[in-house]
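Here's the structure we're looking at; comments come further down.
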Amino acid sequence: MSVSSEKAFDLLPSFTEIYDKLDINTFRENLAKETEGKTNISKKLVGIDLFKYILKNSPKVKEEVFEIVSVFEEKTIEEVKEQSFMLTINTLRKIFTDTETTDFLGLAMQLDTPKA
């Protein structure tokens, strides 16, 4: 799954809304505390943890999730809403476990990391 520049720019507003609505900054800080001192933390595992956190809080960001999936699948939001739930979840899983995407999201999350 490759993220073109066009798709990345289309995704930024939805990711920003999810980031704000779910207070991902606090989630990220708590995850950093939990993994402090550990040396083998993969970006893929962090992506999976973020995916699980978003799923747990999905009612708060349902529309943004539909928007993200629609960009990745190159479908309309209405088509995504009508497709099978498992297809939507599978696309989300791919997004949050894809190395290129997690690098992109990781960079975005690092940009606002508070300095000690």
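The values are calculated or read from the model by the stated rules, or taken from the named source; none is laboratory data. If you're wondering where the values come from, they're calculated on a predicted model, not measured in any experiment. Backbone-built Cβ (ideal geometry, glycine too); neighbour counts: all protein chains shown.
Remark: pairs (first residue in region 37-66, at pLDDT 80 or above; second residue outside any helix (DSSP H, G or I); Cβ separation under 6 Å; 6+ apart in sequence or on different chains) = 57/22.
Scanning region 62-69 for any residue that is of a type in the set (Phe, Trp, Tyr), within 22 Å of residue 6 (Cβ to Cβ) and surrounded by 15 or more Cβ atoms within 10 Å (Cβ to Cβ) turns up at least one such residue. Residues that are at pLDDT 75 or above, assigned to a helix (DSSP H, G or I), under 16 Å from residue 14 (Cα atoms) and under 14 Å from the mean Cα position of the chain (by Cα): does region 92-109 have at least one? Checked region 92-109: at least one residue is at pLDDT 75 or above, assigned to a helix (DSSP H, G or I), under 16 Å from residue 14 (Cα atoms) and under 14 Å from the mean Cα position of the chain (by Cα). Scanning region 1-14 for residues that are at pLDDT 85 or above and either surrounded by 15 or more Cβ atoms within 10 Å (Cβ to Cβ) or more than 19 Å from residue 101 (Cβ to Cβ) (or both) yields 10, 14.
Residues that are surrounded by 13 or more Cβ atoms within 10 Å (Cβ to Cβ) and basic (Lys, Arg) were ranked within region 22-43; the one that is farthest from residue 94 (Cα to Cα) is 28.
Of the residues making up region 71-79, none is among the polar types (S, T, N, Q) and either in a helix (DSSP H, G or I) or within 12 Å of the chain's Cα centre (by Cα) (or both). If a residue must be assigned to a helix (DSSP H, G or I), farther than 17 Å from residue 72 by Cβ and of a type in the set (A, V, I, L, M, F, W, C), how many such residues does region 8-47 contain? Of the residues in that region, 6 qualify.
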